[in-house]
Amino acid sequence: MSSELKTERHGSTLVLTLSDPATRNTLSEQLVSAGVEALNVAEANDELRAVILRGDGMHFCAGGNLQGLRARRQSGGPSAQVQMLERLHEFIDAIRVFPKPVIAAVEGAAAGAGFSLALACDLVVAAVDARFILSYARVGLTPDGGATWHLTRALPRQLVQQLVWLADPISAQQLHSHGLVNWVTDSGKAFTEALNVAERLAAMAPNAVTGAKELLQQAASNTLAQQLAAERDHFIESLFDANAGEGLQAFFDKRAPRFR
């Protein structure tokens, strides 16, 4: 049985669970396609303010299923694997462009494309004993899922080469020191903390959260002049939204704002 994506609501948070505990939640075409669809539905639902991505059981995600890779290599040909990679990359891109916050809750192993999925999320909560590894080199493969894109923008080049070439694991604490993990929790507590973060985000003005995510994504490729213009436009749009009126009034009233 291939892995599946489980979905559930926790208040204003949508929880997406990568599920195939027997294989440490390896990925299937069915799962990643369901992930894209779930995000598309969530984007249109104003009641949903954030998404949490987690693994079923003791691990986050072990990446690609090696038995499936071997089968496609032996009988499926390159086209079958191209299709799988394109589905995975659609999921990665869907996470990146999703206008609401996506939080990874990582327990145990985040390996291969599982590491890539965590990197694609906006925020990462990881258990203290979580381990991240680009395991591709151990079986003669190169990374996928945007891992090299994300890591080379966040870590020193020499460290990235070590992670890619030698497939050395890196701890949650190490990634936290480099800013790639936001919160490190006790073992078994990553999902609980991710829910706490999602609830904090749900209390913020949703239009401001969405606008800030868009600005941050544009910043890396924009010139300063382009980014200043984008910031101007977003600021004016948010200032004249009803949520800014509520936020300003709440400040002067010395109370918590009630954003919509």
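FYI, it's all coordinate maths here, none of it is from the lab. As the structure is a prediction and not an experimental result, all values here were calculated from the model. Cβ sites come from the backbone with ideal geometry, for glycine too, and all protein chains shown count toward neighbours.
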- Simple spin-label model, 7 Å along Cα-to-Cβ: D46 to Q30 in nm? 3.6 nm
- Task: Provide, for q = 0.09, 0.10, 0.16 Å⁻¹, the log10 of I(q)/I(0) from a solvent-free Debye sum over equal Cα point scatterers in the chain.
- Result: -0.43, -0.53, -1.23
- Once you put a point 7 Å from the Cα of F235 and another 7 Å from the Cα of D253, both along the Cβ direction, what distance in nm separates them? 2.7 nm
- Message: Bin width 10 Å, origin at 0, all Cα-Cα pairs of segment 57-195: what percent of pairs per bin?
- Response: 12, 42, 34, 10, 1
- Degrees, to the nearest 10: 190-202 long Cα axis against longest axis of the chain: 30 degrees
- What is the distance, in nm, between label points placed 7 Å from the Cα along the Cα-to-Cβ direction at K6 and at M58? 1.7 nm
- Helix 206-219 sits at what angle to the longest principal axis of the chain, using alpha carbons and giving 0 to 90 degrees rounded to 10? 60 degrees
- Message: Largest first and in whole Å, what are the equivalent-ellipsoid semi-axes of segment 105-260 based on the Cα gyration tensor, each being the root of 5 times an eigenvalue?
- Response: 36, 21, 11
- Message: Over the Cα atoms of segment 206-253, each weighted equally, I'd like the Debye log10 I(q)/I(0) at q = 0.18 Å⁻¹, rounded to two decimals.
- Response: -0.59
- Message: Quick check for me: using +1 on Lys/Arg Cβ and -1 on Asp/Glu Cβ, what's the dipole size of the chain about its Cα centre, in debye to the nearest 20?
- Response: 520 debye
- Residue with peak Gaussian network fluctuation, the chain [Cα springs, cutoff 10 Å], from R157, R54, R87: R157
- Message: Please report the net charge: other residues with Cβ closer than 14 Å to the Cβ of H89, K and R +1, D and E -1.
- Response: -3
- Query: Which lysines have a Cα lying under 28 Å from the Cα of K189, excluding residues fewer than 8 positions away in the same chain?
  - Reply: K6, K100, K213
